[in-house]
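The values are calculated or read from the model by the stated rules, or taken from the named source; none is laboratory data. What you see is a predicted model, and the numbers here were worked out from it, not measured in a lab. Glycine gets a Cβ as well: all are built from the backbone with ideal geometry, and neighbour counts include every protein chain shown.
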Amino acid sequence: MFSKKITVIHLSKDALKVALVSVSKVSKVLKSDETGWNQNSLVTTFEEVATQLKTNNIRLLLSDDFVKSKFFIVSQALDKANLEAVVTESESSAKARHENPLIGIALKKDSKAQKSNLISPTQTSNLLEKNSSVVSKKALIIFITTLILVALITGGILTSQKALESQSKSSLPSPPLVVVSPDPSPTSTPSASLKPDIQINPADYSVLVLNGTGGKGVAGAVKDILLEQGFKDIKADNAEIFDYSQTEVQLKKDPAIGIFATINTALSGSYEVIKSNILLTNDSDYDVIITVGKLKE
């Protein structure tokens with residue numbers, strides 16, 4: 001009988017379980033090993049998994065009590081251990097597929113849509129090493145497509161307008177020596193109406209500001225700036241680590257287009273602001289998490 005063996009890493013608040021799951025007509029857990037974990041031991045543990053099970057692809061199962069603020073630490077450790085989480089899922093979601101969540105996540109089918117939200121070692125490495133903002137390919141494609149559509153529609157409107165003017169002029173008798181005033185209607189009006197009318201209300205977004213440098217009052221200072229911009233639901237706290245040189249903005253999957261621009265405008269005078277390509281999960285308590293880095297020199 002054909003079967004497929006899948007490596008699953010189950011992370012809870014302070015425990016890590018590595019399981020080898022056989023996926024077949026009757027799926028089962030072949031073996032599992034559980035240990036504690038912390039930031040210092042996580043990379044070593046992931047490297048042992050890759051060596052012992054001879055794999056670089058794992059499925060990451062997050063316990064419902066997993067602290068979401070530690071997700072960035074996990075992604076760094078995966079990157080350093082050269083592991084890729086091809087599927088990431090919460091324990092409750094996996095249980096909807098099978099009563100044993102280890103088997104539940106193993107049964108989940110891969111798809112391009114799923115992989116777009118997973119931890120990629122290459123993406124994490126680029127995020128940490130680049131000093132400039134990371135531009136989403138999807139956003140770039142949408143931007144270029146929008147420009148093309150605007151150009152085509154504007155061109156079509158102008159062409160139709162000229163044709164109508166030409167037809168109108170040809171159908172009327174030409175009065176001798178009479179100066180006809182041009183149509184005062186501005187030609188820019190049609191193209192202006194094509195611009196998206198996006199109105200951002202910062203008060204609609206919940207924000208967590210994390211002190212990523214360890215300096216006194218860093219998160220509170222940024223909170224005050226955001227309050228002046230109209231944000232209302234803001235909490236300030238400390239990050240897990242204090243070595244951030246850039247200020248990183250992490251968003252949910254489908255935030256309003258202008259919310260990052262609003263934050264960037266408010267903070268870019270004092271901080272180097274980048275947008276994280278690691279998205280917040282849909283069940284996150286916050287719409288935006290800002291980890292504050294060092295001040296510009």
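Take residue 46 and tell me if it is outside any helix (DSSP H, G or I) and either touching a Lys or Arg at 6+ places or on another chain (Cβ under 9 Å) or farther than 24 Å from residue 240 by Cα (or both). So residue 46 fails the test. Do you know which of the residues in segment 53-110 that are assigned to a helix (DSSP H, G or I) and among the acidic types (Asp, Glu) is farthest from residue 15 (Cα to Cα)? The extreme case among them is 79. Do we find that residue 20 is closer than 30 Å to residue 244 by Cβ and surrounded by 15 or more Cβ atoms within 10 Å (Cβ to Cβ) in this structure? No: the conditions fail for residue 20.
If the condition is being among the basic types (Lys, Arg) and within 30 Å of residue 286 (Cβ to Cβ), then segment 22-73 contributes 59, 68, 70.
Of all residues in segment 277-297, those that are surrounded by fewer than 19 Cβ atoms within 10 Å (Cβ to Cβ), part of a loop (DSSP other than H, G, I, E, B) and among the hydrophobic types (A, V, I, L, M, F, W, C) total 2. Contact map, segment 268-297: residues that are farther than 21 Å from residue 224 by Cα paired with residues that are of a type in the set (A, V, I, L, M) and part of a loop (DSSP other than H, G, I, E, B), Cβ distance under 6 Å, separation 6+ or inter-chain. Pairs shown: 277/134.
Within segment 1-52, the set of residues being acidic (Asp, Glu) and over 27 Å from the mean Cα position of the chain (by Cα) comprises 33, 34, 48.
Out of 47, 34, one residue alone is in the same structural domain as residue 106 (by TED's automatic domain parsing) and closer than 15 Å to residue 101 by Cβ. It is 34.
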